[in-house]
1. Just a yes or no: is a residue in the range 21-36 over 22 Å from residue 125 (Cα atoms) and either part of a helix (DSSP H, G or I) or free of Cβ contacts under 8 Å to residues at least 60 places away in the same chain (or both)?
2. Only one of these is at pLDDT below 70, hydrophobic (A, V, I, L, M, F, W, C) and either closer than 16 Å to residue 38 by Cα or out of contact with any helix residue (DSSP H, G or I) (no Cβ under 8 Å at 6 or more places or on another chain) (or both): 86, 139. Name it.
Amino acid sequence: MLENVLAVNINGTMNLTHYTLEQVIKNKGTFIAISSVAGFAPLFGRTGYAASKHALHGFFETLRSEVEDLGVKVLLVYPSFINTALVQNALSGDGTQVSKQRQTVGNVLTPRYVAECIVKGVLKNKKRLYISSVSKTSLWISRLAPNIYSKLMKKKVMVEFGQK
């Protein structure tokens with residue numbers, strides 16, 4: 001299942017970017033990459049997912065440095081939890097349907113709210129967009145006090161995996 005996560009989150013995104021790059025440069029457009037808090041901080045029980053989002057972070061930060069002088073913008077979006085059907089269709093590490101409810105922190109965002117934030121971010125020429133207080137707080141705690149972040153994160157999500 002790890003290969004599937006990597007194929008979608010990294011390979012799919014990189015391939016789409018590669019095939020649209022010429023047109024985006026020509027039109028001085030914007031690439032919008034949807035990452036996650038797991039793109040800049042650890043997430044217990046989701047190593048492959050976190051690795052894929054960390055890879056996207058590196059890819060798009062580097063792409064930005066390569067194309068910004070050509071008039072192309074890159075917006076990395078870091079939402080926390082979003083209420084989508086993805087949760088109902090999630091697979092566990094062994095490929096079976098996830099049976100336990102996912103542990104969330106803070107409010108679960110609506111897709112509409114996230115989309116509105118992204119549009120505002122593009123209009124303001126943002127480079128990074130941390131949507132929700134969870135995303136912003138996670139950024140600062142994971143950077144300034146990584147051990148505390150790790151303890152807090154584990155305490156919240158380990159229950160999901162039958163651990164205390």
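The values are calculated or read from the model by the stated rules, or taken from the named source; none is laboratory data. This is a predicted model, so every value here is computed, not measured. FYI the Cβ positions are ideal-geometry reconstructions off the backbone, even for glycines, and counts take in every protein chain you see.
1. At the first step, the residues of the range 21-36 found to be over 22 Å from residue 125 (Cα atoms) are none.
No; the residues of the range 21-36 include none that is over 22 Å from residue 125 (Cα atoms) and either part of a helix (DSSP H, G or I) or free of Cβ contacts under 8 Å to residues at least 60 places away in the same chain (or both).
2. Numbers: 139 fails: at pLDDT below 70.
Just one listed residue meets the conditions, 86.
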